[in-house]
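The values are calculated or read from the model by the stated rules, or taken from the named source; none is laboratory data. Nothing here was measured: the structure is a model prediction, and the numbers come from that model. Cβ: placed from backbone, ideal geometry, glycine included. Neighbour counts: every protein chain shown. Just the protein is used for accessible areas: all its heavy atoms, side chains included, with ligands, DNA and RNA removed. Shrake-Rupley method; radii C 1.70, N 1.55, O 1.52, S 1.80 Å.
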Amino acid sequence: MTQALTHVEDLADFIDASPSSYHAAEESARRLEEQGFTRLAEHDEWPAQPGGKFVVVRDGAVIAWTVPANADPCTPANIFGGHTDSPGFKLKPKPTTGNHGWLQAGVEIYGGPLLNSWLDRELRLAGRLAMRDGSVVLADTGALLRLPQLAIHLDRGVNEKLALDKQVQTQPVWGLGVPAEHDLLAELASSAGVDPEQIDGFDAVVADSARGQAFGKDKAFFAAGRLDNLASVHAGCVALGEVADAGVGQDAQRIAMFAAFDHEELGSASRSGAAGPFLEDVLNRIYAGLGASAVDQARAYAESWHVSSDVGHSIHPNYAGHHDPVVKPLLGSGPILKINANQRYATDALGAAAWASWCREAGVESQEFVSNNNIPCGSTIGPIAATRLGIRTVDVGIPILSMHSARELAGVSDLHDLYKVAKVFYTA
């Protein structure tokens, strides 16, 4: 348990440094660079020989990999995938709004957040700024905004039903004054140390400002924002760094790869999403560097694996009827294997067997997850990547409560166990 608590303390650091997908990609790259990975730019030539460890960032996505020194054109890859974005709010154009003496932020709903969970929290604004000189800088205001709820005295029926108007009642306050005399972008610019007049474009989101924390009996719980899906991003990043630290020797049989995509919460259809070309572009360049023909690469793919890691639902003690009556994964009882008959998850029998073998080697217990037939099942990057590349894919994750809340709840042991299985998977 001491190791697990150390792991989630590092996860808290990672989440704190990653309020947006752009920050998450950069934080992953920064950590891996500190462990000896070489950062590559897509417009540069890449090393053409076997051996080495590398990382590349595209917008809010990041891919890192190690190439065995004895790699050949048919060397398969083991890819651990996740996503860097989370449901919430994104800043609109002309974001400085307000009335009645209040300054507010004009935001648009991003994905499918639990709107009520964002009320009465200190929120931060973070993202990237595209500057007039062509540079891109990251910005993070820290605690700046809040969505204040209406007092019960003014809405006596609030405890019977609360439904927020998505346009009117989701615009957070960030100060007092007249909007014409203030500029929210200036707050972002100040946090990045740049001139607001030089900002030509921005992508900024709202995130919870509170740090992640372990708590509960025996500190079994961990609560934080963006566990969906920074829990997987952190596990994959840390595990790959440690595998690479152990050396990429002659005995390595596979390319170990970590891939974290943006825009999963919107369907993944973007240049940095799993439905886009990023992973395929990177794999093509790796295999070209190994001298692979199209047939060689197809042979490598036939022996490759992709683990799509994302959160799933733990059984909820107050809403047990919303879960399958037989398959009841419980937070704190191990990572989950995600299964769906309609291929919303990519797991099949071969994937289930492979996952079981990796868990056994890691000394980790696993659980299964399947949806209640009356409740539509969500999806992940798994089926998307499998469709695009034809690589065998298995969908896994950890069970959590309060999915898509501003602050989600996970099990400390599950988070550590996911990392342990990822480490085994990279070297399997």
Q. Within segment 316-332, which residues are outside any helix (DSSP H, G or I) and over 22 Å from the mean Cα position of the chain (by Cα)?
A. H316, P317, N318, Y319, H323, D324, P325, V326, V327, K328
Q. Being open to solvent by 10 Å² or more (accessible area, probe 1.4 Å), at positive phi and not in a strand (DSSP E or B), is that true of even one residue in segment 246-261?
A. yes
**Q.** segment 39-58, residues that are more than 28 Å from the chain's Cα centre (by Cα) and either charged (D, E, K, R) or outside any loop (DSSP other than H, G, I, E, B) (or both)
**A.** E45
Q | Failed item in (1) surrounded by fewer than 19 Cβ atoms within 10 Å (Cβ to Cβ); (2) out of contact with any Gly (no Cβ under 9 Å at 6 or more places or on another chain), with R344 passing the rest | A | (2)
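Kindly provide the set of residues from segment 8-38 that are part of a helix (DSSP H, G or I), out of contact with any helix residue (DSSP H, G or I) (no Cβ under 8 Å at 6 or more places or on another chain) and open to solvent by 30 Å² or more (accessible area, probe 1.4 Å), ordered by number. Full working, then the answer.
Pass one, segment 8-38, residues part of a helix (DSSP H, G or I): 8-16, 21-34.
Filter once more, so that each one left must be out of contact with any helix residue (DSSP H, G or I) (no Cβ under 8 Å at 6 or more places or on another chain): 9, 12-13, 16, 21-23, 25-26, 29-30, 33-34.
Once the filter is applied, which keeps residues that are part of a helix (DSSP H, G or I), out of contact with any helix residue (DSSP H, G or I) (no Cβ under 8 Å at 6 or more places or on another chain) and open to solvent by 30 Å² or more (accessible area, probe 1.4 Å), segment 8-38 yields E9, D13, D16, E26, R30, E33, E34.
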Q. Within segment 362-378, restricting attention to residues that are more than 14 Å from A422 (Cα to Cα) and of a type in the set (G, A, S), which residue is most open to solvent (accessible area, probe 1.4 Å)?
A. G378
Q) Name the residues in segment 151-175 that are surrounded by 10 or more Cβ atoms within 10 Å (Cβ to Cβ) and under 32 Å from the mean Cα position of the chain (by Cα), would you? A) L162, L164, K166, Q167, Q169, T170, Q171, P172, V173, W174, G175
**Q.** Members of segment 189-213 that are part of a strand (DSSP E or B) and either of a type in the set (A, V, I, L, M, F, W, C) or in contact with a Gly (Cβ under 7 Å, 6 or more places away or on another chain) (or both)
**A.** I199, F202, D203, A204, V205, V206, A207, D208
